[in-house]
Amino acid sequence: MSGLGLNYWKEVIGVLRSIIPVYDKVNKSISLGQDDKYRHLGLIGQIRPGDLILDAGSGFGNMSSKALEILNGNAKIILHDPIPEMLYHAQNRVNQRLKLSCGVFEFMPFRESTIDDVLCGYSLRDAFSLVEAISEIHRVLKNDGRFIIVDIGKPDNMFLRSFVAFYLKYVLGIIAYSVSGKRGLKFKTLHGTFLRWPKNGKLNDLLLEKFSRVKFTKKMFGGAIIVVAYK
């Protein structure tokens, strides 16, 4: 089954807790400054004024911040994340009126067909069961809802996949260390999540098992993906 599995998921969550002080700074560096650009590309033209938006695996709320910027603040947003410290930081940083929900992708405390847009910015890769996460996200979306994913991609081409893996295993650590010292080395966990992440074609197929249509955009030779799945 695709996903981290429960034991490795617990390890990843522990790492995420420990890197909160340098989380944003390092993410921007290791994405070569493209993370915010890709969030914007994923959201523009997909979210609408007045939408009820679920930011799943919200972290610091960067996807929510971008959504509010695009919609001039005209959206209702729920932040959903398994790490309470992340949620509180995001609420203080983004907007005190945001609703908070502490939990995982696979079990969401929301009614069926109530959400307009589910956003996953660099977070779906951390699901402990990807199939269950996709199914749960599909459940809470309205019938015309959109599931927007911005994440690391795993190229289908073996050469390109090896290049991305090399970057995550070796180059990423050097960049993260240069930006934030020893704490930055913990970002090498990304390589472990990448190994357990399905190839781009397989992810597309998993989404099509639940969603009616998938728009799959690849950047950086497939090492970064912007995906919109339509219910």
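Scanning segment 31-54 for residues that are charged (D, E, K, R) and over 14 Å from D151 (Cα atoms) yields a count of 2.
Residue selection: N157 satisfies the criterion of being surrounded by fewer than 15 Cβ atoms within 10 Å (Cβ to Cβ), within 27 Å of F221 (Cβ to Cβ) and in contact (Cβ under 8 Å) with a residue 40 or more places away in the chain. Taking segment 186-231 as the range and being of a type in the set (V, I, T) and either in contact with a Phe, Trp or Tyr (Cβ under 8 Å, 6 or more places away or on another chain) or modelled with pLDDT of 95 or more (or both) as the test, the residues that pass are V214, T217, I225, I226, V227, V228. Within segment 42-54, does at least one residue satisfy the condition of being β-branched (V, I, T), within 28 Å of L141 (Cα to Cα) and in contact (Cβ under 8 Å) with a residue 60 or more places away in the chain? The answer is yes, given that some residue of segment 42-54 is β-branched (V, I, T), within 28 Å of L141 (Cα to Cα) and in contact (Cβ under 8 Å) with a residue 60 or more places away in the chain. For R111, the conditions (1) surrounded by 20 or more Cβ atoms within 10 Å (Cβ to Cβ); (2) assigned to a loop (DSSP other than H, G, I, E, B) are fulfilled apart from (1). The residue of segment 193-231 that is surrounded by the most Cβ atoms within 10 Å (Cβ to Cβ), among those that are in contact (Cβ under 8 Å) with a residue 40 or more places away in the chain, assigned to a strand (DSSP E or B) and not charged (D, E, K, R), is A229. A single member of V131, V171, V164, V179 is under 30 Å from D51 (Cβ atoms), in a helix (DSSP H, G or I) and out of contact with any Asp or Glu (no Cβ under 8 Å at 6 or more places or on another chain), and it is V131.
Has segment 165-185 got any residue that is buried (at least 17 other Cβ atoms within 10 Å of the Cβ), within 19 Å of G3 (Cβ to Cβ) and either of a type in the set (V, I, T) or at pLDDT 95 or above (or both)? Within segment 165-185 (the criterion being buried (at least 17 other Cβ atoms within 10 Å of the Cβ), within 19 Å of G3 (Cβ to Cβ) and either of a type in the set (V, I, T) or at pLDDT 95 or above (or both)), the answer is no, since none of the residues qualifies.
For every residue, the table says whether it meets (1) modelled with pLDDT under 95; (2) hydroxyl-bearing (S, T, Y); (3) closer than 22 Å to G153 by Cα.
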| site | (1), (2), (3) |
| --- | --- |
| G5 | yes, no, yes |
| K10 | yes, no, no |
| G14 | yes, no, no |
| P21 | yes, no, no |
| K28 | yes, no, yes |
| L32 | yes, no, yes |
| D35 | yes, no, yes |
| I47 | no, no, no |
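Residues in segment 58-68 that are crowded, with 24+ Cβ neighbours inside 10 Å and in a loop (DSSP other than H, G, I, E, B): 3 in all.
The values are calculated or read from the model by the stated rules, or taken from the named source; none is laboratory data. Quick caveat, the model's predicted, so the values are computed rather than measured. No Cβ is skipped: glycine too gets one built from the backbone with ideal geometry, and neighbour counts run over all protein chains shown.
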